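Down below is the structure, laid out as structure tokens.
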Amino acid sequence: QKEVEQDPGPLSVPEGAIVSLNCTYSNSAFQYFMWYRQYSRKGPELLMYTYSSGNKEDGRFTAQVDKSSKYISLFIRDSQPSDSATYLCAMTKNSGYSTLTFGKGTMLLVSP
Amino acid sequence: NAGVTQTPKFQVLKTGQSMTLQCAQDMNHNSMYWYRQDPGMGLRLIYYSASEGTTDKGEVPNGYNVSRLNKREFSLRLESAAPSQTSVYFCASSTSTGGTEAFFGQGTRLTVV
């Protein structure tokens, strides 16, 4: 079993839809959780960063962590064509002493 | 504000040739990383440098060497390129080794023929 699992998609939605992107993980030691957005032929850019369980909201984006289920989600409200990208989840055990483990990414396509 | 800058952006090598990928960051970050990204494989860590003067192997270090030249610069060297090293290479930096809030460069697309 891979440490971090993420459905590769593509996930196709119409403009304005609510999008749910998810990752599951197997290592209960992960404590810090991140979502990166990667446009085609560009480097990943950090979208959201959360520590432990709970929700965090930033504009149209909400990150949710459920450590008991080893499950993290990214919700995008009022999706726009400009949200079309690959979304990578990432996590780490300890902010100071371990490196990031990435999911393989989910491709999102938002049609006008 | 440049962030993380990688050079070159594109490169084609012949099997057996060597080259060095350059990376520089201007955010005064302590930690720097080299990843490769391949279709269906996601981002895989090649080497990282927790701080100036230290380097450590990641998940896929074979065939690569690194140098942390100073706090700003971290280079990746392919001594004898192989077709299996055809990939997109990303450099990243962060304030701490955990890589939380890591910032990535724009990538180097390398093809080995």
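Data table
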read-out	value
For A:ALA29: the one exception among (1) more than 30 Å from B:CYS23 (Cβ to Cβ); (2) within 13 Å of chain B (Cβ to nearest Cβ); (3) of a type outside the set (Lys, Arg); (4) more than 15 Å from the chain's Cα centre (by Cα)	(1)
Within segment A:76-89, considering residues that are crowded, with 17+ Cβ neighbours inside 10 Å and of a type outside the set (D, E, K, R), the one nearest to A:MET34 (Cα to Cα)	A:CYS89
Unique match (being within 14 Å of chain B (Cβ to nearest Cβ) and either surrounded by 17 or more Cβ atoms within 10 Å (Cβ to Cβ) or closer than 30 Å to B:ALA2 by Cα (or both)) among A:THR62, A:THR99	A:THR99
Filter result for the condition that a residue is among the small types (Gly, Ala, Ser) and either touching a Gly at 6+ places or on another chain (Cβ under 8 Å) or closer than 15 Å to B:GLU101 by Cβ (or both), over A:GLY103, A:GLY54, A:GLY59	A:GLY103
Qualifying residue in segment B:83-101 (condition: more than 11 Å from the chain's Cα centre (by Cα), modelled with pLDDT of 95 or more and over 30 Å from A:GLU5 (Cβ atoms))	no
A:GLU45 vs. criteria surrounded by fewer than 20 Cβ atoms within 10 Å (Cβ to Cβ), closer than 22 Å to B:THR108 by Cα and without any contact (Cβ under 8 Å) to a residue 24 or more places away in the chain	yes
Residue match in segment A:18-25 (condition: more than 11 Å from chain B (Cβ to nearest Cβ), touching a Gly at 6+ places or on another chain (Cβ under 7 Å) and more than 14 Å from A:PHE102 (Cβ to Cβ))	no
Hits in segment A:1-16 (condition: of a type in the set (A, V, I, L, M) and away from chain B (no Cβ under 12 Å))	A:LEU11, A:VAL13
Looking only at segment A:40-59, and only at residues there that are more than 14 Å from chain B (Cβ to nearest Cβ) and not in a strand (DSSP E or B), the one that is modelled with the highest pLDDT	A:GLY59
Odd one out for A:ASP83, checked against (1) modelled with pLDDT of 95 or more; (2) among the charged types (D, E, K, R); (3) more than 19 Å from A:LEU11 (Cα to Cα)	(3)
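The values are calculated or read from the model by the stated rules, or taken from the named source; none is laboratory data. Just so you know, these numbers come straight off a predicted model, no measurement behind them. Virtual Cβ from ideal backbone geometry, glycine too; neighbours counted across all protein chains shown.
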